[in-house]
Amino acid sequence: MPVVNRGAMAYERANIQRMQGYVPGKQPQDAGTIKLNTNENPYPPSPAVMRALTSIAAESLRKYPPPLADAFREVAADLHHVTPDSVIATNGGDELLRLALTTFVEPGRPIGVLEPSYSLYPVLAEIHDSPVVHVDAVAGYSVPPDFAAKMNAAGVQLSLLVNPHAPSGALTPVSTLRAIAQELDGVLLVDEAYVDFVEPGLGHNLVPEVKSQKNLLILRTMSKGYGLAGLRYGYGLGHPELIAPMLTKTRDSYNVDAIAQRLATAALQDQAYARDTWQRVRSERARVTLALRGVGFVVPDSQSNFVLATVPAGSLNAPALRDALEQRQLLVRYFNAPGLTDKLRITIGSPEENDRLLATLTALLAGL
Ligand SMILES: *Cc1c(COP(=O)(O)O)cnc(C)c1O
């Protein structure tokens with residue numbers, strides 16, 4: 001019999017063959033580019049993190065890391081006033097999303113998302129071979145009152161809400177999220193990737209809800225608020241009964257490495273440093289929002305470290321403006337998706353970076 005050399009595609013599962021992978025924002029390695037496209041923190045991690053890095057002993061690399069990241073979980077539990085069994089450490093917040101699907105969703109059963117939101121959610125659903133139930137956001141990118149009813153009717157086992165919302169920065173209050181969680185038949189994952197940038201005066205804190213709401217899972221990440229996107233570290237907060245199956249069954253045995261555990265712990269312990277960077281980002285966010293409005297963009301108030309700016313009519317359209325900025329070494333994000341095609345998502349950078357952005361945008365709009 002002749003050996004038939006099948007194309008490699010023939011080995012993929014049908015859903016993997018059908019899908020397109022996630023397309024991340026550009027990550028140029030040159031120092032000259034101003035990156036306002038992937039919501040990184042403009043400030044470096046705490047000096048305590050760099051001290052922890054230089055003090056890593058060879059011995060701690062020879063051995064496997066603590067499998068459950070116990071020291072990290074204790075520090076996180078202290079910070080959030082929960083018990084360590086309410087915390088799971090993950091390889092980036094993205095791993096928690098994957099674990100939530102693996103743990104709570106039968107393959108083939110749907111997940112539910114608000115539209116628009118994080119474009120990774122549908123990609124993870126495709127990998128899991130789960131359809132996606134989309135519910136459109138209503139005025140001001142808020143969650144419609146019938147969100148939970150629609151999810152229940154569709155048999156959704158996991159609903160995902162990003163709060164503050166991405167890509168708009170709108171904040172849904174705790175009372176609304178609590179009511180949604182209470183009404184849902186399945187798990188509610190609230191993706192708080194950007195919650196560190198919420199105005200502290202609002203007193204927004206969803207974490208206490210996990211003590212009574214057993215289907216509520218909160219995602220946190222070190223990537224945005226702590227300036228550690230390169231480290232790949234996040235964590236989940238939830239009722240111990242909700243966390244347990246991920247902690248003891250579906251997680252890779254050593255999902256977060258020894259270096260990452262030490263550095264993430266040091267970062268969480270230096271709250272004073274982190275809070276200072278968040279405050280800087282918030283004050284620049286206010287300045288950038290006003291300046292963009294001043295040159296004709298429509299910009300809703302954001303509680304995040306980015307703004308969603310509608311490009312004024314009669315100028316370059318959004319993708320053309322994105323390209324023109326890129327030619328001037330300024331990266332911003334454009335989404336070719338329903339409701340977003342006239343908008344740019346712009347990360348809040350350092351004051352100098354924001355100055356460059358605003359000056360360049362002003363010149364481009366004036367046709368210079
Ligand atoms: C950045 C981000 C995450 C988590 O990212 P990691 O770098 O994997 O921790 C999750 N959700 C949203 C909406 C994000 O923007």
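How many of the residues in segment 195-217 are open to solvent by less than 20 Å² (accessible area, probe 1.4 Å) and in contact with a Lys or Arg (Cβ under 6 Å, 6 or more places away or on another chain)?
0
Among the numbered criteria (1) open to solvent by 40 Å² or more (accessible area, probe 1.4 Å); (2) within 15 Å of the ligand (Cβ to nearest atom); (3) without any contact (Cβ under 8 Å) to a residue 60 or more places away in the chain, which one does Leu161 miss?
(1)
Scan segment 168-178 residue by residue and report those that are surrounded by fewer than 15 Cβ atoms within 10 Å (Cβ to Cβ) and assigned to a helix (DSSP H, G or I). Let's see the steps before the verdict.
Pass one, segment 168-178, residues surrounded by fewer than 15 Cβ atoms within 10 Å (Cβ to Cβ): 173, 175.
The answer is Ser175, and nothing else.
Within segment 283-312, track down each residue that is free of Cβ contacts under 8 Å to residues at least 12 places away in the same chain and either out of contact with any helix residue (DSSP H, G or I) (no Cβ under 8 Å at 6 or more places or on another chain) or open to solvent by 30 Å² or more (accessible area, probe 1.4 Å) (or both). Give the steps one after another, and end with the answer.
Filtering segment 283-312 for residues free of Cβ contacts under 8 Å to residues at least 12 places away in the same chain gives 283, 286, 290, 293-294, 299.
Result: Ser283, Ala286, Leu290, Arg293, Gly294.
Could you check segment 74-94 and list, in sequence order, the residues that are touching a residue at least 60 places away in the same chain (Cβ under 8 Å), assigned to a helix (DSSP H, G or I) and not acidic (Asp, Glu)? Walk me through how you get there before you give the answer.
Start the filter on segment 74-94 by keeping residues that are touching a residue at least 60 places away in the same chain (Cβ under 8 Å), which leaves 75-76, 79-83, 85-94.
Pick out the ones that are also assigned to a helix (DSSP H, G or I) and you get 75-76, 79-80, 85-86, 93-94.
Once the filter is applied, which keeps residues that are touching a residue at least 60 places away in the same chain (Cβ under 8 Å), assigned to a helix (DSSP H, G or I) and not acidic (Asp, Glu), segment 74-94 yields Val75, Ala76, Leu79, His80, Ser86, Gly93.
Looking only at segment 77-107, which residues are among the small types (Gly, Ala, Ser) and away from the ligand (no atom under 14 Å from the Cβ)? Outline the logic, then answer.
Kept after step one, since they are among the small types (Gly, Ala, Ser), are these residues of segment 77-107: 77, 86, 89, 92-93, 100.
The answer is Ala77, Ser86.
With a cut-off of at least 3 residues that are within 16 Å of the ligand (Cβ to nearest atom), name the helices (runs of 4 or more DSSP H) lying wholly within segment 210-322. Step through it out loud before you land on a result.
Working: elements: 240-245, 258-269, 271-294.
In segment 210-322, the matching helices (runs of 4 or more DSSP H) lie at 258-269, 271-294.
Mind counting the residues in segment 37-73 that are more than 16 Å from the ligand (Cβ to nearest atom), part of a helix (DSSP H, G or I) and open to solvent by less than 20 Å² (accessible area, probe 1.4 Å)?
Qualifying residue count, segment 37-73: 2.
The values are calculated or read from the model by the stated rules, or taken from the named source; none is laboratory data. In this text, all values refer to a predicted model and were calculated from it rather than measured experimentally. Note: ideal-geometry Cβ built from the backbone for every residue, glycine included; neighbour counts use all protein chains shown. When the accessible area is computed, the model is the full protein with side chains, heavy atoms only, and any ligands, DNA or RNA have been set aside. Shrake-Rupley method; radii C 1.70, N 1.55, O 1.52, S 1.80 Å.
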